[in-house]
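First up is the structure itself, then whatever we jot down about it.
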Amino acid sequence: MEYSLKRVHTGKDLAISSTILLAGIGLFFVNKGLGICIGICGVLMCLFYKGGYKKDGRGILLSKKSEDICKECRSSILEFLEGKNAKPELKQGNNGGSIRIEIYFNKTERIAYVQIYDFCNYSYEPATGIIKLDGDRAEQLISSL
């Protein structure tokens, strides 16, 4: 099953951008040029700064974590994602090459979406599609990072 994860605003994003916008408005009365510049930065942050992810743009809010790990761990991770292995082996480094694992997760809902990338020809190429993990398996993977 294909998943589409879209970037969305979080409460923290909106709080930061509105604080900067209000600081720009306040500075406008002290120094017009600086106030306008900081106010514009606040508006641009409100438009473009998005730190969360949601599946298909709706649903629960997810966080993202990416790690580069040894290529030796690839088979262990793939077995874990297929349900064959109980605990994934994750070693950071680049012995024998490296792979990238991207995890979109929500700890309270105990849900994670995982994708593995191989490093080939100076770029990361998808090795798997986005795989959904629920419950204990998701919690186990999140805690191992």
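The values are calculated or read from the model by the stated rules, or taken from the named source; none is laboratory data. This is a predicted model, so every value here is computed, not measured. Cβ coordinates were reconstructed from backbone atoms using ideal geometry, including for glycine residues, and neighbour counts include every protein chain displayed. Only protein heavy atoms, including side chains, enter the accessible area calculation; ligands, DNA and RNA are left aside. Shrake-Rupley method; radii C 1.70, N 1.55, O 1.52, S 1.80 Å.
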Worksheet item: Can you find even one residue in region 79-90 that is under 15 Å from Y113 (Cα atoms) and open to solvent by 70 Å² or more (accessible area, probe 1.4 Å)?
Response: yes
Practice prompt. Taking T108 as the residue in question, decide whether it is β-branched (V, I, T) and exposed (fewer than 14 other Cβ atoms within 10 Å of the Cβ).
Written response: yes
Worksheet item: If you go through region 21-33 one residue at a time, how many are open to solvent by 80 Å² or more (accessible area, probe 1.4 Å), assigned to a helix (DSSP H, G or I) and not basic (K, R)?
Response: 2
Worksheet item: Checking V8 against (1) without any contact (Cβ under 8 Å) to a residue 24 or more places away in the chain; (2) surrounded by 13 or more Cβ atoms within 10 Å (Cβ to Cβ); (3) β-branched (V, I, T), which test does it fail?
Response: (1)
Worksheet item: In region 34-55, how many residues are aromatic (F, W, Y) and either free of Cβ contacts under 8 Å to residues at least 12 places away in the same chain or assigned to a helix (DSSP H, G or I) (or both)?
Response: 1
Practice prompt. For residues that are among the hydrophobic types (A, V, I, L, M, F, W, C), farther than 12 Å from L5 by Cα and open to solvent by less than 30 Å² (accessible area, probe 1.4 Å), tally how many sit in region 111-132.
Written response: 2
Discussion item. For region 34-49, which positions are open to solvent by less than 60 Å² (accessible area, probe 1.4 Å) and over 30 Å from the mean Cα position of the chain (by Cα)?
Written reply: G35
Fill in: Filter result (on the phi > 0 side of the Ramachandran plot and either among the hydroxyl-bearing types (S, T, Y) or in a strand (DSSP E or B) (or both)) within region 120-136
Y122
